[in-house]
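Inspection log for the structure reproduced underneath, given as structure tokens.
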């Protein structure tokens, strides 16, 4: 049977990783326990991080917010700090699974799983989130877009732990929107998702905008050309038509049991077109 260790400090985590570099890390276990259950009957080690207090909590400074990697999705949804500063992230997290999954699942786990369908990822890209990594060698920070390199692949090195997600307070967005399409209205893995944030004038003219799409490329899809298409314009049909065309041409989805490549491409563009209605509902 596999060994499961439950350390209570980061020092203990690093000591165990030094002894067993191949040990697999988890906190909520909503993904890894499903994928790794057959291996639990064989030899190997797992480190459960749920009791490591250094990996929990939401802490703010003058310029940024530091979210512990083991903070649960439910904790983030309930946080006044997240609701006030990052409503786009909060809205996306509300779409993750069922309450039981959100009560167990963590932000760090959602990131390290590196699924193209991870609901937290598009808003984190838009918000310019950085990940904080630590090991016995020291610590480093990098943008989330550099950390995730492909489906299930990250820059996490042997002996390294994702400790926190850091987001700057000054975002400048006064309009945000998150929407995903799945095979059902709730508790579904996304076929395509869109996170959108914009700074707008009173007349609706967009000063700056950022878009990020999930489930339509090996990693979250972003495009500077797409963002620039919105600048100086309102969310009118002509602008959204151009934006949707950029998206459909730029994404690189796959076909799987949930949807075909062609359907995902079409839906990604449709999500852009729906921004017009979202803007009118503000």
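Data overview
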| item | result |
| --- | --- |
| Among residues of segment 195-243, those that are free of Cβ contacts under 8 Å to residues at least 12 places away in the same chain and outside any helix (DSSP H, G or I), counted | 2 |
| Looking only at segment 244-257, and only at residues there that are assigned to a loop (DSSP other than H, G, I, E, B) and surrounded by fewer than 17 Cβ atoms within 10 Å (Cβ to Cβ), the one that is modelled with the lowest pLDDT | 257 |
| Residue check for residue 277: in contact with a helix residue (DSSP H, G or I) (Cβ under 8 Å, 6 or more places away or on another chain), surrounded by fewer than 22 Cβ atoms within 10 Å (Cβ to Cβ) and modelled with pLDDT under 95 | no |
| Filtered residues of segment 1-29 (kept if in contact with a strand residue (DSSP E or B) (Cβ under 9 Å, 6 or more places away or on another chain), part of a loop (DSSP other than H, G, I, E, B) and more than 23 Å from residue 102 (Cα to Cα)) | 2, 20, 22, 23 |
| Residue 197 being touching a strand residue (DSSP E or B) at 6+ places or on another chain (Cβ under 8 Å) and at pLDDT 95 or above | yes |
| Hey, residue 251 out of contact with any strand residue (DSSP E or B) (no Cβ under 6 Å at 6 or more places or on another chain) and outside the structural domain of residue 117 (by TED's automatic domain parsing) or not | no |
| Subset of segment 53-69 (residues that are part of a helix (DSSP H, G or I) and either on the phi > 0 side of the Ramachandran plot or out of contact with any strand residue (DSSP E or B) (no Cβ under 6 Å at 6 or more places or on another chain) (or both)) | 53, 54 |
| Condition check for residue 182: assigned by TED's automatic domain parsing to the domain that holds residue 269 and in contact (Cβ under 8 Å) with a residue 12 or more places away in the chain | yes |
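The values are calculated or read from the model by the stated rules, or taken from the named source; none is laboratory data. On a predicted model such as this, the values are computed, not experimentally measured, just so you know. FYI the Cβ positions are ideal-geometry reconstructions off the backbone, even for glycines, and counts take in every protein chain you see.
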